[in-house]
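Data block below; observations after.
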Amino acid sequence: MKIIGTGSVLPKKIVTNEMLSQFLDTSDEWITTRTGVKSRHVISDEKLEDMAIDAAQKALADAGISEADLDYIICSNVVNEYITPQLSCIIQGGIGASCPCIDINCACAGFIFALDLAESHYKAGKVKNVLIVCAEEPSRMPDWADRRTCVLFGDGAGAAVLGPGDNIKSIKLSSSSATDRLWQMRRLQPTPFVTKEEEDVPLQMKGQEVFKFAVKAAEKDVRRTLEEADCTPDDVDHYLLHQANIRIIDSIRHSMEQPKEKFPTNIEDHGNSSSSSCPILLDECRKAGRFQSGDLISMSAFGAGFVSGAVLFEW
């Protein structure tokens, strides 16, 4: 398969570090030096499903196909206001498609897991055109009195349309159960029969352990895809990494011994937008004219679970 269209949408509300310092014990310097984030887009009066539909329509227009041409829709989402129906069904109706659809929750690595799922359908000969939509509102997950977590996140939706081709060179996924490092719980509706203790817990993160996992897993996944495709790090034209923390990105870059210009970023004014991070960055790089036909792109992401993945593809 190959990527034939991209699209993305960001909320209109921009929250700067200075704005956060008005109600948090923090500062622009504290946030920037530790994360690389200067500002982020957060949902205010938008609905996530509307942003997802908009991103999908933009990707379809970019691909030059209609919703009737779609054979499958995969939506990556961690949390939204709907418990049911699945977000992909809402997107399907919003764009007027009629194909099967499915939701996945693979945390911030969702776009790469979705690519792997789509590739399996292509290899089975079951699809021609697939729409992937990653729609996330992680700003709704942390406690906004906790400066360790709330300063990290921004919201958004990114989409990609896939068509027949041979541009995906290698995909590698990995999982390593470590649920106490990055997690959130929410209380379900009560029943007359529940006796166990339940509670709502905002997003919890052990930052140093997440950092170490991210750097190690990303480098391992990227190198595995390169080895499978008989390529070297120098052969890659662009490294598109999950925008979680600029220090993580820099650590991976130094480990790969690659120049900074190969690592485009938008974390400065986007923050961490979970699984939508990768397709948003992909769309923005495409719009900026960074990609040339034949360019080799390495994409890597990691998230709660822990899960991680990398994909090597030709533009």
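The values are calculated or read from the model by the stated rules, or taken from the named source; none is laboratory data. The model shown is predicted, which means the values in this text are computed figures rather than measured ones. A quick note on method: Cβ atoms are made from the backbone with ideal geometry, for glycine too, and the neighbour counts reach across all protein chains shown. Accessible surface areas use protein heavy atoms only, side chains included; no ligands, DNA or RNA. Shrake-Rupley method; radii C 1.70, N 1.55, O 1.52, S 1.80 Å.
One residue stands out in segment 248-274 among those that are in a helix (DSSP H, G or I) and within 18 Å of the chain's Cα centre (by Cα): the one that is nearest to HIS41 (Cα to Cα), namely HIS270.
Among the residues that make up segment 32-47, is at least one of them in contact with an Asp or Glu (Cβ under 8 Å, 6 or more places away or on another chain), modelled with pLDDT of 95 or more and at positive phi? Within segment 32-47, one or more residues are in contact with an Asp or Glu (Cβ under 8 Å, 6 or more places away or on another chain), modelled with pLDDT of 95 or more and at positive phi.
For residues that are not in a helix (DSSP H, G or I) and not hydrophobic (A, V, I, L, M, F, W, C), scanning just segment 16-25, find the one that is nearest to GLU284 (Cα to Cα).
Per the criteria, the residue is THR16.
Table: residues versus (1) out of contact with any Ser or Thr (no Cβ under 6 Å at 6 or more places or on another chain); (2) more than 12 Å from LEU240 (Cβ to Cβ); (3) without any contact (Cβ under 8 Å) to a residue 12 or more places away in the chain.
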site	(1), (2), (3)
SER275	no, yes, no
ILE280	no, no, no
ARG286	no, no, no
ASP295	yes, no, no
SER300	yes, no, no
ALA304	yes, yes, no
SER308	no, yes, no
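Pairing each residue of segment 56-74 that is over 27 Å from GLY289 (Cβ atoms) with any residue that is basic (Lys, Arg) and at pLDDT 95 or above, provided the two are 6+ apart or on different chains, yields C-beta distances under 6 Å for ASP71/LYS128. Taken together, LYS2, LYS12 contain a single residue that is in contact with a strand residue (DSSP E or B) (Cβ under 9 Å, 6 or more places away or on another chain), in contact (Cβ under 8 Å) with a residue 60 or more places away in the chain and open to solvent by 10 Å² or more (accessible area, probe 1.4 Å), which is LYS2. Every condition in (1) in contact with an Asp or Glu (Cβ under 8 Å, 6 or more places away or on another chain); (2) of a type in the set (S, T, N, Q); (3) surrounded by fewer than 20 Cβ atoms within 10 Å (Cβ to Cβ); (4) over 27 Å from LEU162 (Cα atoms) holds for GLN22 except the one numbered (1).
In segment 257-293, which residues are crowded, with 21+ Cβ neighbours inside 10 Å and of a type in the set (A, V, I, L, M, F, W, C)?
Answer for segment 257-293, where residues must be crowded, with 21+ Cβ neighbours inside 10 Å and of a type in the set (A, V, I, L, M, F, W, C): ILE267, CYS278, ILE280, LEU281, LEU282.
The residues in segment 294-305 that are open to solvent by less than 10 Å² (accessible area, probe 1.4 Å) and over 11 Å from the mean Cα position of the chain (by Cα) can be counted, and the count is 2. Those strands (runs of 3 or more DSSP E) of segment 156-197 in which 3 or more residues are of a type in the set (A, V, I, L, M, F, W, C) and surrounded by 13 or more Cβ atoms within 10 Å (Cβ to Cβ) occupy 156-163, 168-175. Where strands (runs of 3 or more DSSP E) fall entirely within segment 26-127, those with at least 2 residues that are open to solvent by less than 20 Å² (accessible area, probe 1.4 Å) and either touching a Cys at 6+ places or on another chain (Cβ under 6 Å) or farther than 22 Å from VAL151 by Cα (or both) are at 72-76.
In segment 229-247, the qualifying residues are those that are without any contact (Cβ under 8 Å) to a residue 60 or more places away in the chain and assigned to a helix (DSSP H, G or I), and the one that is least open to solvent (accessible area, probe 1.4 Å) is PRO233. Whenever a residue of segment 119-135 is of a type in the set (S, T, N, Q), its partners that are in a loop (DSSP other than H, G, I, E, B), lying with C-beta atoms within less than 8 angstrom and at least six residues away or across chains, give the pairs ASN129/ILE65; ASN129/LEU70; ASN129/ASP71.
Based on this model, can you work out whether ASP221 counts as at pLDDT 95 or above, open to solvent by 80 Å² or more (accessible area, probe 1.4 Å), over 27 Å from ILE31 (Cα atoms) and acidic (Asp, Glu)? No: the conditions fail for ASP221.
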